[in-house]
1. Please specify each residue of region A:321-356 satisfying the condition of being modelled with pLDDT of 85 or more, assigned to a loop (DSSP other than H, G, I, E, B) and either under 27 Å from the mean Cα position of the chain (by Cα) or hydroxyl-bearing (S, T, Y) (or both).
2. Filter region B:40-50 down to the residues that are buried (at least 18 other Cβ atoms within 10 Å of the Cβ) and farther than 19 Å from B:S113 by Cα and list them by number.
3. Can you work out which of the residues in region A:223-264 that are of a type in the set (A, V, I, L, M, F, W, C) and over 30 Å from A:E182 (Cβ atoms) is surrounded by the most Cβ atoms within 10 Å (Cβ to Cβ)?
4. Scan region B:46-60 and give yes if some residue there is away from chain A (no Cβ under 14 Å) and either at pLDDT 90 or above or under 25 Å from A:N185 (Cβ atoms) (or both), otherwise no.
5. Output the residues belonging to region B:61-74 that are within 14 Å of chain A (Cβ to nearest Cβ), in contact with a strand residue (DSSP E or B) (Cβ under 9 Å, 6 or more places away or on another chain) and not acidic (D, E).
6. Considering only residues that are within 13 Å of chain A (Cβ to nearest Cβ), polar (S, T, N, Q) and outside any helix (DSSP H, G or I), which ones fall in region B:82-134?
7. Have a look at A:A220, A:A273 and point out the one that is closer than 30 Å to A:G313 by Cβ, assigned by TED's automatic domain parsing to the domain that holds A:I331, loosely packed, with under 14 Cβ neighbours inside 10 Å and at pLDDT 85 or above.
8. Of the residues A:R49, A:R63, which is of a type in the set (K, R), in a helix (DSSP H, G or I) and surrounded by fewer than 18 Cβ atoms within 10 Å (Cβ to Cβ)?
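The values are calculated or read from the model by the stated rules, or taken from the named source; none is laboratory data. This one's a predicted model, so the numbers in the text were calculated from it and none came from an experiment. Cβ atoms come from the backbone with ideal geometry, glycine included; neighbour counts cover every protein chain shown.
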Amino acid sequence: MSPPASSPRPERLPGFIAHPAFRYGLCILGAVIGGMLLFQLVGMPVFARIGVPHEYCYLREPRLVWLHVITDFLIGAAYLSISCTLAYLVWRSSRNIPLNWVFLAFGLFIITCGFTHFMEVVVIWHPMYWLSGYIKAVTAAASVATAIVIIPLVPRVLRMISDARESEQRRLEVEQLNQDLERFNYSVAHDLRAPLRGLSAFAQILIEDHGKELSPEARAHLDRMQASVTRMDALITDLLKYATIGRQELRLGTVSLDEVLRTVRSLMEVEIAERKAEVVAPEPLPLVLGDALLLQVVFQNLIGNGIKFVPPGTAPRVEISAERDEDHVTILFTDNGTGIPDMARERIFRLFERLHSRHPGTGIGLAITQRAVERLQGRIGVEGVEGASGSRFWVRLRAAPGPAASSAAEKRVG
Amino acid sequence: MTKKVLLVAEDDENDALLLERALRRAGSEFQLIRVPDGEQAVAYLAGLPPYSDRSAHPPADLLLLDLKMPRMDGFEVLRWRAAQTVHSFPVIVFSSSTLERDVRQAYELGASSYAVKPLRSERLDAFARALIAWWGSFNVTGSRLPM
């Protein structure tokens, strides 16, 4: 087992060296030093002390001297701090802040301004006027360059602002839509069922209380009515599940598939026993990155499918196995059912697609399953079984990270 | 001992009728009182007019609460109850909704129990029997402790 990596991809060099800002900084530093040498060469001795300290000009009046020293120092320090803040901002979000090189230019401009003020402090006691002049020259270069490059940016910035406003508007629209959908779901959940209950109950009351007065034909009609109502109720239930499964909040974490299977088996106990079905997992199942409830939905639907759609006289059998490769887990659900024709293998995941008119079902189960798998950032498909009639559903999910890295992964996804 | 008072807050006539029938068939000894919305449920529970005469409108031992009702819905009734200093009666939410968030919210607001209204009448009969067996007999409320 490899130790949990703190960064998503391993690098040999420390991260900051690879950062563009570091390289730009190095270039600028080189240019500044090169400039100094150039000044020396053309007879402008950058490190020479000439004349009298600036203090002299302030008449050696302590209050005047300290007024200049303190204010110049504070201005310089503030400039430096501002540029550090900007640099940090660019550093942390180099991918998210558009135009980040403009920030860099601006930062450089501010740094050099800061040094200009520091030099004002230095020359009060040390008459290094060439150096002070040189730093002013660098500042002038940075200022003029920044001043020029930001002019063509004006239309881009304006466009960015209008884009941001537009995307904010779209976000509000989506939010509104979500709220409408929420209200719609609520209304379906609460209002659509009440009339069905009335229909069902009063049909039953007719059968119970007035059964003797009814002809067999009338009773059969009432039974059919009941069956329709039951079917409508199942449709509403499944549609609601489909509508809500894509919307509940989700935090992916490490989930044991064995645990999921155990839960689902007990949830489906009656159904499995009624159909005399066999649900087996010969090998222990691995851990995946997922959500226990959504995985239960996936297991329940795929197992339910497997045991529901069998040729008459066959004892249903669903075998669950899993393969792990690299960082994914593929779960296989192999059944001995009636199978799915090649042509229909894509279609069956769509809403309201049903293969069997004889078998019960709303045609929503697999759509729910697919939606659940998609929310787990996985994929689902179906294939035939070699030499047998059944089908094999596969679900590909991300494998659980190592135990130590699991909480970090949870945070990244959530 | 006087009959326990079951207050049913239910706006749907059919549902109210069917529930009453199911309780009767299950041999209910509850004194059944029905109010058609949340506002009246609160008025009844608080003893406000037109329910201020406690001899005619005895205090409820148990509230069976629908969620979606006009004027004041079930959640608002639960919120009102949570704000009271004394709430000695249990509240059973009896709703169509199977939405997880409705169930969770109901419990968060202090519901004692949550049951989904059954579709089939035999399930409703079973619900009525369970209601009588547990809430009508074993369950003890603050206002009526066993002697």
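1. Listed by number, the list holds a single entry, A:D327.
2. B:Q40, B:A43, B:Y44
3. Step by step, filter region A:223-264, then rank; the result is A:L257.
4. No, region B:46-60 has no match at all.
5. B:L65, B:L67, B:K68, B:M69, B:G74
6. B:S95, B:S96, B:S97, B:T98
7. Just one listed residue meets the conditions, A:A273.
8. After ruling out the rest, the residue left standing is A:R63.
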